[in-house]
Amino acid sequence: MRWPRWVALGLSLLGLAMVVGSSWLLIAYRTGPHTLRNYVFFGGVATATAVLGLVISLRVPRNPVGALLTWVGVTAVFLASRDVYFSAVVSDPGRLQLDSQVVAWFDESGWWLFVAVGLLLLYFPNGRLPGPHWRVLPPLLLLLGAAQQVFGAFNSTPFLEPLQDLPRPYAPMPLPLKVLSGAVFGALLVALIAAAVSVVVRYRRADGRVRAQVKWLSLAGLAAVLYPFVCGAELIITGHTGVIATVFAVIALVSLPVSVAVAMLRHELYDVDRVLADTVTYGIVTVVLLATYAAAAGVLGVVLGRDSAVVAAAATAVCALALAPLRSRLQRSVDRRLYPPRRAALLAIEDLQRRIHTEQAQPEELEDALRTALRDPGLRVGLLVPGASGFVDAAGTPVRGPQLVPVMLGGAQIGVLASDALNPAVLKAVAAGAASLVEVTRLRAELAGALREVEASRTRLVQAGDAERRRLERDLHDGAQQRLVSLGMAMRLAQRHLGDGTVDVDGLLDQGVAELATAVAELRQIAHGLRPTSLDDGLQAALSAITQSLPIPVRLQIPSDLPEELATTAYFVAAEAVTNAAKYANATAIAVRVARSGDEVTVRIEDDGCGGASPRPGSGLSGMLDRVAAVGGSLELRSPAGRGTTVEVVLPCGS
């Protein structure tokens, strides 16, 4: 269903033709500055309204709201163009013709503007009626609008300027028509009121998105309500209405199309609750100050004289004194009623902080508190924890979503608030208020993660120690122990038959020496797994013995003054990293650099291989992490895919 877009395009072309024709009339005929000013003012607003309606139709082609807003704008353009034509006829009656019957029929065309607004209210914002019971209202509005224009042609009241001298062609109106006309007029007003009520009904039944759109529309209603008060304020203060009333009239007229356009296209970009609350606050302040000024001016005028300049100054001073406490208190009161999300969230944060101080709650309850306060069960609090591949919650679960609002503290991002239902502006306000609790939760999560890692590392070390003891026991039992037992038995046999010559003692001794040599070799091999004997000549020599057998070049840069306890750890770290690079990374060059700086020793192993390494449980890198952690060091792994791997280990010299 793309007919709304084509209707909007057709109406826009019609409106463009009327604008061109009216502009030509203004140039060709001397209609006077009053007509020009009115046309520029109302015609400009009407044209802008039609353009915004066309934009909505192009962006949301299946929704009739854009076409209805275009209808509102084009109708206003028609009314402005009609008045220009009437003025042109009066200014030069010889060149243009004007029939009283045509004027009578078009004089009541303004009602179609109200009909269009009523239909806009009925279908805003999703292009559907609030319910099946509202189906009768759109055709009723159209029928009553047409009837009102027909009965308006039979009106007996004189035409407005500049056609006040033109006779009414169908006057006087018969009495039955007067009664019927009054009934139609009343029915039309009731239908328009019902259209306005439909907005309230839709708001109460809608979800968060539609409610936000309806709130934008309500801003236009507030502007219309405040307009007479602004005019009254200017009239009381200056004695006449002028620039201020005109400017606010523009704001009031533009507020409808702008509110509809923002609601349809960018309703999530701004915090409508904040805008609505501020508008109501300053509107009430304006009314109260107007009443205060009028009362003060009236009382002081009686005392000091009506035209005294002191009266104006004194009344202004009274208003200024009343403004300071009024605005802040009124803002808080309005916030509680019209801006509940932010207020509720901040109150929930304050309550949670109080319960934390009294040891009745934990900072990790922040997410649940915000979910309850904002009525959004899908809200997530993400924390920026070291070692995590993104934002995680207090339990370590990843936090993702299309709408992530950063939580900042001290100029640095410490987390995010994630929600699909809430306005980003509301989330930003809540994020600012919850930053301290998010930081506490983040630090606690980081500490808990570190403790879990320490416990896991300790468990792995214990398991590795147990496995190593079992391996040593098995190797000793199956290897050197069996050979030593066999050697003992051979020696005992030689001892028993040493003098009788029945046993080849020399052979037994040779066999025993061979068994003893084999046992010694096996014991040395086992001991080499605990601490390589090649380290007796230094770390440089030990690593050189490993790298000489590799098919790729390895560049070593190692100092000679390393502590003995660190040399062993550095050896196993470098040996594991070099072996991994040679076996799995398809590297063509490896560099091992060991440097001592103050109380730290840094071991860096770099290769130009395929990258993508990760310390999976049970892998060599995981064992490397445990070995480094056992001496109080730290390990950093950088292995982007396709860009090589860098293992950097920092060992404290005091360990």
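Values for this structure:
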item: Debye equation applied to the C-alpha atoms of the range 365-477, log10 I(q)/I(0) at 0.12, 0.20, 0.24 Å⁻¹; result: -0.50, -1.00, -1.31
item: The range 538-652: radius of gyration and largest Cα-Cα distance (Dmax), Å; result: 13.2, 36
item: ASP420-TYR203 pseudo-label distance in nm [points 7 Å out on the Cα-to-Cβ vector]; result: 2.7 nm
item: Ordering of 396-407, 79-90 by burial proxy (mean other Cβ atoms within 10 Å per residue, highest first); result: 79-90, 396-407
item: Cut-off 13 Å, label 7 Å out along Cα→Cβ of ALA456, residues of the range 377-409 by amide N; result: 387-389, 396-397
item: Peptides ranked, highest mean first, by Cβ atoms within 10 Å: ranges 413-426, 445-458, 58-71; result: 58-71, 413-426, 445-458
item: Among GLY415, PRO398, ALA344 - extreme Cα towards positive end, dipole of the range 341-447, charges at beta-carbon; result: ALA344
item: Semi-axis lengths (Å, descending) of the ellipsoid that matches the C-alpha gyration tensor of the range 570-623; result: 21, 15, 9
item: Test item: Cα-centred dipole of the range 538-652, Lys/Arg +1 and Asp/Glu -1 on Cβ, debye; result: 380 debye
item: In nm, spacing of pseudo-spin labels at HIS133 and GLN101 (7 Å Cα→C-beta vector); result: 4.6 nm
item: GLU446/GLU359 FRET efficiency (R0 22 Å; Cβ-Cβ; nearest 0.05); result: 0.50
item: Total formal charge among the other residues, if their Cβ is under 15 angstrom from that of ASP368, Lys/Arg +1 and Asp/Glu -1; result: -2
item: Whole-Hz ³J(HN,Hα) from phi, Karplus 6.51 cos²θ - 1.76 cosθ + 1.60, for the range 66-75, glycine and proline x; result: x, 5, 5, 5, 4, 4, 4, x, 5, 4
item: THR397-ARG555 FRET efficiency (beta carbon distance; Förster radius 45 Å; 0.05 resolution); result: 0.55
item: Cβ crowding within 10 Å averaged over residues, with 188-200, 566-578 ranked highest first; result: 566-578, 188-200
item: Sites LEU498 and VAL520, calculated FRET efficiency, Cβ-Cβ separation with R0 25 Å, nearest 0.05; result: 0.50
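No value in this document is a laboratory result; all are computed from the given coordinates. All figures in this text were calculated on a predicted structure; none of them were measured in a lab. Neighbour counts run over all protein chains shown; Cβ positions are idealised from the backbone, glycine included.
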